[in-house]
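The values are calculated or read from the model by the stated rules, or taken from the named source; none is laboratory data. It should be emphasised that the depicted structure is a prediction, and the values quoted were computed from it without experimental measurement. Every residue, glycine among them, receives a Cβ derived from its backbone with ideal geometry; neighbour counts consider all protein chains shown. For accessibility, only protein heavy atoms count, side chains too; no ligands or nucleic acids. Shrake-Rupley method; radii C 1.70, N 1.55, O 1.52, S 1.80 Å.
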Amino acid sequence: MARSLLFPEFKIERDKERCIACQVCVRQCANDVHEGSDTEDTVVSQEEKCVGCQRCVNLCPTNALTVQTRKDGFRPNGNWEDRHLRGIYKQAETGGILLTGMGCDRLYPVYWDHLLLNASQVTNPSIDPLREPIELTTYLGKKEEKLDIHWEGDSPVVRTRLAPQLGLEVPVIFSAMSYGSISYNAFRSLAEAAREAGTFCNSGEGGLHPDFYPFGENIIVQVASGRFGVHRDYLRVAAAVEIKIGQGAKPGIGGHLPGEKVSKEISRTRKIPLESDAISPAPHHDIYSIEDLERLVFAIKEAINYEKPVAVKIAAVHNVAAIASGVVRAGADIVTIDGIRGGTGAAPQVIRDNVGIPIELALAQVDERLRLEGIRHHSSLLIAGGIRSSADVIKAIALGADAVYVGTAALVGLGCHLCQKCYTGKCNWGIATQDPVLTKRLNPNIGRRRLVNLLRAWAFEIKEMLGGMGVNAIESLRGNREHLRAVGLSREECSVLGVKAAGEGW
Amino acid sequence: MRDPFRIPSGCAVSGILNLDGTHVSGEKIIRSIEVMHERSNGLGGGFAAYGIYPEYAELYAFHVLYDDPLTAKDVEAILKRSCTIEHSEEIPCKETENIQNWPVFKRYFLRYRGRSDCEDDEVVRMVMEVNSGIHGAYIVSSGKNMGVFKGVGYPEDIGKLFQLEEYQGYCWIAHGRFPTNSAGWWGGAHPFGLLSWSVVHNGEISSYGINRRYLQNFGYVCNLQTDTEVITYLVDLLVRKHNIRIPYLGAVFASPFWEQIEKMEEPKKEFFTSLRTIYGGALLNGPFSIIVGFPGGMFGMVDRIKLRPMLAAWKDSTFFLSSEECAIREIAPSLDRLVALRAGEVISERVGERNSHGQKLTVSGV
Ligand code: SF4
Ligand code: SF4
């Protein structure tokens, strides 16, 4: 075979003075980059195979390794970036669609970074979260427009029965990541952390392994186009059911779990034959219109006896506000919107990077549209796709979200280094892999603790920011765009976001 | 000129209600609010008075402020579409030492001609149409047998300008304003009035943005950008349209914490849980103390962690609410009972309801 035209993407430097040839790196790299020698005290590296996951760097006991992005020597060209050349070389060699993992990494504007929060000064005291309670408790689900109260003398008799709600102690949920796309231990870490932190995790479209049924009260199960692992008990054990129509990383297309990954446990969970490809079609083949969606929503509601909320997840696309309005009218108790930066285990790069819109814009438009139509209370809004910090969470809530999903941030909490190679099944961090040697690297007890810590830290930060604004209950910030101001955005962007420019008062 | 922005302000508030229905002149309430002179800065003061138009008790009394008197014919055209103007006149004003200029104020007594069950909604619609559509005119109050008198100046001067000592009412509410920047528009002063509600408020609502959007859902247009406007509309929505009784408004506006709700007993717990879950958009967050007047009564309330002052007092058959004790002692040196409102507490009294005399109604405070 002819030599590849691709250069290595990473440069590995081994400090000879430090390297003790212990061969830890050799054992840690699932990509077989490092090679030890039985006879000599040296280790050599084949940079071509390195994906930059930093596992070897992190575990090298003498800090002898540095793995850095290699500067390609291509002649600088404002039009032809390195990535274009690399893409063409790869495709000319393989003739295939370029695959990738994780969310869109292109330099589109990240609107969170153009939004600034408010704080109280003089006219309104800020609240110190160490002295006064600040409430983050959030309920997701349909809210009645009005409480039907009947008075018997002086005592109220409530005639309205509250629709089923999901109660969260922090407005952050772990987003859909199936067992299959991530390891058993990663899933276990998420489920245990959700239970301990008073929130939820989402099963993704891969069914629910029997070991996780006891966590049902903290799990949202997904019903996607492949219907993998969907059966009565699966629907009934969960706290809520989410119908997945689309995903931010790959709007308009389905999914594919290659047969090699369908191990015994995964075949058992998904209810498909061992080693057979698990293909989720692009559309649900029983949903070709909004009326069809309504039927599925109510079929599920029937199955779960109207006892739990049903969510519908869509990707943020151009007409998202009108689509979301249709979804609300189709009976969804929660609408989940996933933006272009939403992560994935595997997606065609061209789709991940070019289809969909940023979640901030989609959220602002959906919230406003539902309010204008007077149906905002019919559904809660959950958003996903690129939430990186507590600041992003609080800005999302101020823009109008009820709560947010985090996927990538949770995986980073578990050790992910965003190498974007989740689709290879060789995740050196034991997350996006089913290889028993690799999955062992993630201890679910440690994973749980790290995730609980992360949510706790974010909750503290959110309370500090809320207190600073003089708000002691999160519902008073929800959709309260007066507490947001935009910097460095055009007038159109400000108006789409429904936010005034920084410097403008009330 | 309307203020283009929301202006935070500190304030003094005071209210008197005669539980036996006795009418008194405005002289007392002026004295009461004057004591708190330091809490206002001369940029806004006003009064609401109940029971002042007994001869027109069945009619809507509209107080209209005209920055541009030429707009009167447009306003009257709107009023005449669904009402008959039984009587109208200029509201008499008398120059005082400190106020030499003032806009034109007119009052109209209107008989509604349509179906009685949508009367209030129609009045609200008319008020919104004039206040958001006609530049140069502004309806400051629209209730029955009541009226709001307000303007730019210290409240005591505003009281003298309108000669409130000439009016007789059973309930009087006053406000002195301390806006943080100059608000030169008379309509921007308080109380805020809609139908027979009048609201005075001391504080700044940090939930304003969402309260305003929440109200949009129900057709209320907030064009004044003031917290008091938002509070008034919320009171109107919850009490008039959603059948929530006044003592329970605290459960929505200054809701108890979830932890406290958790400890309540059924059925109270279910009621409070439902109120908070459904009416989250109506939760008023941030510091406030408010006095709200309504036909036959008056209530006071403070925010959920009590960041602004409010006292309630009783003497014989008079009920008082005020930002400061001195404002009550000024007009009633000895009191039967004096209490400071607790966080989230609503204290409400009505004419004729002597059984609750001196008895505070604690609802949302635990
Ligand atoms: S792929 Fe990861 S573990 Fe392997 S050499 Fe590169 S950085 Fe090290
Ligand atoms: S999950 Fe693993 S493979 Fe995927 S980006 Fe993170 S470290 Fe890389």
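Annotation: the antiparallel percentage among DSSP beta bridges lying fully within segment A:138-501 is about 25. In the context of the full set of protein chains, segment B:12-350 has a per residue accessible area of 32 Å² (1.4 Å probe). By the Cβ rule of 4.7 Å, chain A holds the following cysteines without a possible disulfide partner: A:19, A:22, A:29, A:50, A:60, A:104, A:201, A:416, A:422, A:427, A:494.
Taking every residue in B:241-252 and counting other chain Cβ atoms within 10 Å of its Cβ, the average works out to 2. One chain, two ends: residue A:122 and residue A:3. Fully extended at 0.36 nm per residue, the span grows by 35.9 nm beyond their Cα-Cα distance.
Stretched out straight at 0.36 nm per residue, the stretch from residue A:350 to residue A:48 would grow longer than its current Cα-Cα span by 106.4 nm. Neighbouring Cβ atoms from other chains, within 10 Å of the Cβ of residues in A:480-493, number 2 on average. Computing FRET efficiency as 1/(1 + (r/R0)^6) for residue B:94 and residue A:495, where r is the C-beta to C-beta distance and R0 is 41 Å, gives about 0.25. Split chain A at each of the GluC sites (Glu not before Pro) in a DSSP loop with at most 12 other beta carbon atoms within 10 Å, and the longest piece is A:41-306.
Cross-link pairs exceeding 31 Å between alpha carbons, from the set A:271/A:301; A:463/B:150; A:313/B:306; A:49/A:271; A:146/B:150: A:463/B:150; A:313/B:306; A:49/A:271; A:146/B:150. Applying 0.36 nm per residue to the separation of residue A:388 and residue A:106 and subtracting their alpha-carbon distance, the gain on full extension is 100.0 nm. Chains A and B together bury some 3900 Å² of accessible area, summed over both sides, with a 1.4 Å probe. Using the Karplus relation 6.51 cos²θ - 1.76 cosθ + 1.60 with θ = phi - 60°, the per-residue 3J(HN,Hα) values for segment A:269-276 come to 6, 7, 6, 9, x, 4, 6, 8 Hz, with x marking Gly and Pro. Relative to the globular-protein estimate of 2.2 N^0.38 Å, the Cα radius of gyration of the protein assembly as shown stands at 1.12.
Loop-located GluC sites (Glu not before Pro) in segment B:8-81 (DSSP state not H, G, I, E or B) with no more than 13 neighbouring Cβ atoms inside 10 Å: B:58.
Each residue of segment B:313-327 was assigned a 3J(HN,Hα) from its phi angle through the Karplus expression (A = 6.51, B = -1.76, C = 1.60, θ = phi - 60°), giving 8, 10, 9, 6, 10, 10, 10, 10, 9, 6, 5, 9, 4, 4, 5 Hz with x at Gly and Pro.
With N the number of residues in segment A:100-197, Rg(Cα) / (2.2 N^0.38 Å) evaluates to 1.70. Taken as Cα centroids, segment A:451-495 and segment B:264-316 sit 26 Å apart, rounded to the nearest whole angstrom. Residue by residue along B:31-37, Cβ atoms of other protein chains within 10 Å of the local Cβ number 0 on average. Every Cα-Cα pair of segment A:1-85 was included, and the share exceeding 22 Å stands at 34 percent. Here the 3J(HN,Hα) profile of segment B:338-343, calculated from phi with Karplus coefficients 6.51, -1.76 and 1.60 at θ = phi - 60°, is 9, 9, 8, 5, 8, 3 Hz, Gly and Pro shown as x. Dividing the helix sum by the residues of chain A, where each DSSP H run of 4 or more adds -39500 (n - 2.57), gives a mean residue ellipticity at 222 nm of -8500 deg cm²/dmol. Normalised by residue number, the volume inside the convex hull of the Cα atoms of segment B:157-251 is 129 Å³ per residue. Starting from the Cα of residue A:264, draw a straight line to each of the lysines and keep only those under 24 Å, dropping any in the same chain fewer than 8 residues away. Partners within reach: A:421, A:426, A:440.
With contacts defined as alpha carbon pairs under 8 Å and 6 or more residues apart, what's the relative contact order of chain B in percent? Relative contact order here is 24 percent.
Averaging the Cα positions of each part gives two centres, and for segment B:187-227 and segment A:317-366 these lie 34 Å apart. Pairs of alpha carbons in chain B separated by more than 39 Å make up 9% of all such pairs.
Between residue B:337 and residue A:446, the modelled labels are 6.5 nm apart [label points 7 Å from Cα along Cα→Cβ]. Per residue, the solvent-accessible area of segment A:10-96 (1.4 Å probe, heavy atoms of protein chains only, all protein chains present) comes to 67 Å².
Pairs of Cα atoms nearer than 8 Å and 6+ residues apart set the relative contact order; for chain A it is 19 percent.
Amide H to amide H, with H built 1.01 Å from N, residue B:19 comes under 5 Å of B:318, B:319, counting only residues 5 or more places away or on other chains.
When both bridge partners sit in the protein assembly as shown, DSSP labels roughly 75% of those beta bridges antiparallel. Comparing B:77, B:49, B:12 in a Gaussian network model of chain B (Cα springs below 10 Å), the most mobile by mean-square fluctuation is B:77. Start at zero, step by 20 Å, and the Cα-Cα distances of segment A:138-501 spread as 30, 59, 10, 0 percent across the bins.
Here is the list for segment A:79-141: trypsin sites (Lys or Arg not before Pro) lying in DSSP coil, each with at most 14 other C-beta atoms within 10 angstrom of its C-beta, are A:106, A:131. Using a Gaussian network model of chain B in which every pair of alpha carbons under 10 angstrom is joined by a spring, one finds that among B:151, B:133, B:188 the greatest mean-square fluctuation is at B:133. Here's the list of lysines a cross-link from residue A:500 could span, going by alpha-carbon distance under 22 Å and ignoring same-chain residues fewer than 8 apart: A:395.
Computing FRET efficiency as 1/(1 + (r/R0)^6) for residue A:163 and residue A:41, where r is the C-beta to C-beta distance and R0 is 56 Å, gives about 0.25. Averaging the sequence gap over all C-alpha pairs within less than 8 Å and six or more residues apart, then dividing by the number of residues, gives segment B:90-194 a relative contact order of 34 percent.
Which log10 I(q)/I(0) values, to two decimals, does segment A:260-372 give at q = 0.11 Å⁻¹ under the Debye formula with one point per Cα? Log10 of I(q)/I(0), two decimals: -0.49. In chain A, the portion of solvent-accessible area held by carbon and sulfur atoms comes to 51 percent [1.4 Å probe, whole percent, DNA, RNA and ligands not counted].
Sparsely packed loop sites in segment B:206-314 (the GluC sites (Glu not before Pro) outside DSSP H, G, I, E and B with at most 10 other Cβ atoms within 10 Å) comprise B:265.
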